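Novice: Sharing a structure, written as structure tokens. Questions coming.
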């Protein structure tokens, strides 16, 4: 992100102002991640950043301006990371796998910035709201959408609405970061493999994975599954199971 030094300000003063701005934005990010938007005051941010309220208002005229500046800065950083991976070589499947794995390996506070947009978006209206939406879309969904478009163009992905699929992909990733999902997979690699396989291959059972049982020799319809009579005979020999005392969520 290109910055411009105001005319008439020497290098030392400008550098100090930039440092102060960065400290304020970092402090604001920490507070907004820890508390709801309404529960964070400008006085809280000034204290956390180690500046006076006067200095804070010198840099940001309101909490809304500060919040939007903070979000656009950190979403812009995420966009640069994901965009670099999107432009990398490989098939659409390979690039989606890498960009998803990259997301899982980000520091914990980085993905949290994406969740802040969804949490706080309804608090803003008009141009401010649109600015946040655009920054969020450019950071991740549009990077995924571009890869999906490439896959459609190259015949790797069936013609679908790439924007809709990109949002479905984001939802899959978010759900896969839940506590329950983490209990199912041993690490991020296994989780990402599951997401990509589900996205590209779906949940339909593969014939080679679940073959049909052969019918008894000499019975009609040998290509059909095992007969109902034989299943009843097998089931009659099984011991009844004890009822579970606990229902798992």
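Here, each number is a calculation from the coordinates, and none is a lab measurement. Predicted model only: the values in this text are computed from it and were never measured. A quick note on method: Cβ atoms are made from the backbone with ideal geometry, for glycine too, and the neighbour counts reach across all protein chains shown.
Novice: List the extent of the Cα atoms of the range 39-78 along each of their three principal axes, largest first, rounded to whole Å.
Specialist: 30, 18, 16
Novice: Could you bin all the Cα-Cα distances of the range 62-201 into 10 Å bins starting at 0 and give me the percent of pairs in each, rounded to whole numbers?
Specialist: Per 10 Å bin, starting at 0, the Cα pair percentages come out as 11, 41, 33, 14, 1.
Novice: Oh, and also: Using a Förster radius of 22 Å, what is the FRET efficiency between residue 109 and residue 36 based on their Cβ-Cβ separation? Nearest 0.05, please. Let's see the in-between values first.
Specialist: Numbers: r = 17 Å, r/R0 = 0.76.
Taking R0 as 22 Å, the efficiency between residue 109 and residue 36 is 0.85.
Novice: I need the shape label for the range 10-79. Rule: rounded when a/c is under 1.5, else prolate if a/b > b/c, else oblate, with a, b, c from the alpha carbon gyration tensor.
Specialist: Working: a/c = 1.97, a/b = 1.24, b/c = 1.60.
Because a/c hits 1.5 or more and a/b fails to exceed b/c, the range 10-79 counts as oblate.
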